[in-house]
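The structure under discussion appears below in the form of structure tokens.
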Amino acid sequence: MTIKEHSNRPGGYRSRRRMANIVTASLSLLSLAAAASDADRMATDLYPAILSGKAQGLQAVFKDEPRIDTPRTGPLRGPLAWKRFVDQEAQWLQRLGVQPGTLRAVKTTRGPGRVVHEMTVNLVLDSHTVPFKLAVVVDEAGGSATAVRVYYAYAQTPGNSNFLRPAILPPDPTVVSRIAPAVRKYVDAIAASDQFAWQLFTPEGHFLGGSTVPMTGPALKKFYAVLGAEPGGVPLRPATVTCDQGTCAIEENLATWGSIAFERDTAGLAVYDYDSIRGLLTGARIYDDLPENPFTVPGWIPRNWASISTALEKSGCRLNYRPVQEAPPATVLAEFFAAPCESQ
């Protein structure tokens, strides 16, 4: 039998070489998947492990020394800082009433060099049950974690109502081109004070802010009528963009909202789900702390009521309600969202 004949037979030289190539490629893919799982594990397991007392072992997932930044702690670096963080974060969550096994996964978004994992848990604050959202962002290199950034509404927790988180990343104009078109249209709209940005959501779409329950339908119309009532809008400045099929997570900085100027640039995370066929958002989840905003600044909504009510009427929501200038912001907020839209 010649070499040529042998190589063309099943199990011959060429078949064995082809099989070897397939095995090598498969092993390479498995190695990549195993490497990627370290960063994924950090993103998805960090807070469940903190609550169960098993987070110290996650230190080994870092490529170099641990680096983490959270609203409660600020930036931390090194093994000792990691140990303190894990212990103190567990104690803080326990004081809030968060128990092991109560965190619910919402969404994991993966993109080149980064994993974003969202969770939620119900807290009882001031005798009310409210959703408390957490998001863990993990930068990765070669599948290992290089840095962790955590986002939640720290101002929502007792004793921290005036908390304003400083910016933790520099804005990067080059990442804007990576934002999905449906999401980019929305980001541009709120920067331009568009009081009709609710039209960029699907009919079943929702918005979930730092300390709110999901807003849909008429509540969305009210929210955006307020959001865009003053020139200047909400000019978000992206720092990172992580997108997969149907979701974009944007770490961003914000310095102003209309006429409200914050004492410093503040960090936040916004995660948008979108329908690429319809080009509309299906959901928006915001992780930030803005103690000063149109719903907390005394007199802001009454001062801009002409613009707000006009936008609502054009949106098909006429209110038999007018805020009182001297009323506390919390009263205005509750009455405004409770007022029903009357048919026109």
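Read-outs: derived from the displayed coordinates by stated rules, not from any lab. In this text the structure is predicted, and so the values were computed from the model without any measurement. Note that we place each Cβ from the backbone using ideal geometry, even for glycine, and neighbour counts take in every protein chain shown.
Just a few scattered comments:
- Partner aspartates and glutamates whose Cα lies under 13 Å from the Cα of residue 54, excluding those fewer than 8 positions away in the same chain, are identified as 45, 87, 89.
- Cα shape, region 46-191, gyration tensor, a/c 1.5 rule: oblate
- Largest-first principal axis extents, alpha carbons of region 135-221, Å: 43, 39, 23
- Look at the alpha carbon pairs under 8 Å that are at least 6 residues apart: their mean separation over the length of region 82-208 gives a relative contact order of 12 percent.
- The Stokes-Einstein estimate for region 173-342, based on a Kirkwood radius over Cα pairs and taken at 20 °C with 1.002 mPa s viscosity, is a diffusion coefficient of 131 µm²/s.
- The simple spin-label model puts a point 7 Å past each Cα toward its Cβ; for residue 320 and residue 292 those points are separated by 3.8 nm.
- Full-stretch length increase - residue 125, residue 80 - with 0.36 nm per residue and alpha-carbon distance subtracted: 13.0 nm
- Packing-based ranking, highest mean first, of 180-190, 73-83 given that Cβ atoms within 10 Å are counted: 180-190, 73-83
- Cross-link partners for residue 221 among the lysines, with Cα-Cα distance under 29 Å and sequence neighbours closer than 8 places in the same chain left out: 107, 133, 185, 314.
- Kirkwood-type hydrodynamic radius, the chain: 22.3 Å, calculated from all non-identical alpha-carbon pairs.
- Contact order for the chain, expressed relative to its length and based on alpha carbon pairs under 8 Å spaced 6+ residues apart, stands at 13 percent.
- Sequence ranges 125-132, 61-68, ranked by mean other-Cβ count within 10 angstrom, highest first: 61-68, 125-132
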